[in-house]
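Here is the structure we will look at, set down as structure tokens.
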Amino acid sequence: QYSKVSKSPMITKHKLGVIWIVLANTFVVKRFPRALAAEIVGKEGVLVFILLFASPLAAAADVIANKDASSIPLPFTLASTINCSLWSVAGLLAMKDVNIWFPSVMGLLSALAQLFLKGIYGSGVVAESIAAATAVTTQEMSKAV
């Protein structure tokens, strides 16, 4: 009754990537002076943060081509917008720390772009339903005349 562990090549690549990052960070922390190690690991965190919040934009070309934004997760996008807005303000005004406000602003811009695409294209199912309803209504009206 236990679920089988996936043996897909993608999962294996991700595991190897995580192991490599952990080993590299361990090396950096053990071999470099504390301040330099903190700077390196901090910049790595900034990069991962930006990639995390921008990752749904990888589907932007498909969204525009297909006029269907169902691949953009709305709950994640709304949470990202709120989270990045708050951290942008806190990082810029209260903390004055570029390592906080810069990735937060990048995440906010990404979330706003996703919301824009979601607003323009919505999900294909809704758009198709509206088009179908409009077509049926138009046909019924032409029959009535």
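Considering (1) at pLDDT 90 or above; (2) open to solvent by 70 Å² or more (accessible area, probe 1.4 Å); (3) among the small types (Gly, Ala, Ser), say which one ALA144 fails and leave the rest. The failed condition is (1).
Close Cβ contacts (under 6 Å, 6 or more residues apart or on different chains) running from residues in segment 102-121 that are open to solvent by 40 Å² or more (accessible area, probe 1.4 Å) to residues that are basic (Lys, Arg) comprise TYR121/LYS67.
Consider segment 45-58 and keep the residues that are more than 10 Å from the chain's Cα centre (by Cα) and among the aliphatic types (A, V, I, L, M). The one that is least open to solvent (accessible area, probe 1.4 Å) is VAL46. Filtered by the rule that a residue be under 25 Å from the mean Cα position of the chain (by Cα) and open to solvent by less than 80 Å² (accessible area, probe 1.4 Å), segment 23-44 gives ASN25, ILE40, VAL41, GLY42, GLU44. Looking only at residues of segment 64-101 that are polar (S, T, N, Q) and touching a residue at least 24 places away in the same chain (Cβ under 8 Å), we find that the one that is most open to solvent (accessible area, probe 1.4 Å) is ASN66. Taking segment 86-100 as the range and being closer than 21 Å to GLU44 by Cβ and among the small types (Gly, Ala, Ser) as the test, the residues that pass are SER88, GLY91.
The values are calculated or read from the model by the stated rules, or taken from the named source; none is laboratory data. Everything quoted here is computed from the prediction, not taken from an experiment. Positions of Cβ are backbone-derived with ideal geometry, glycine not excepted, and every protein chain shown enters the neighbour counts. Just the protein is used for accessible areas: all its heavy atoms, side chains included, with ligands, DNA and RNA removed. Shrake-Rupley method; radii C 1.70, N 1.55, O 1.52, S 1.80 Å.
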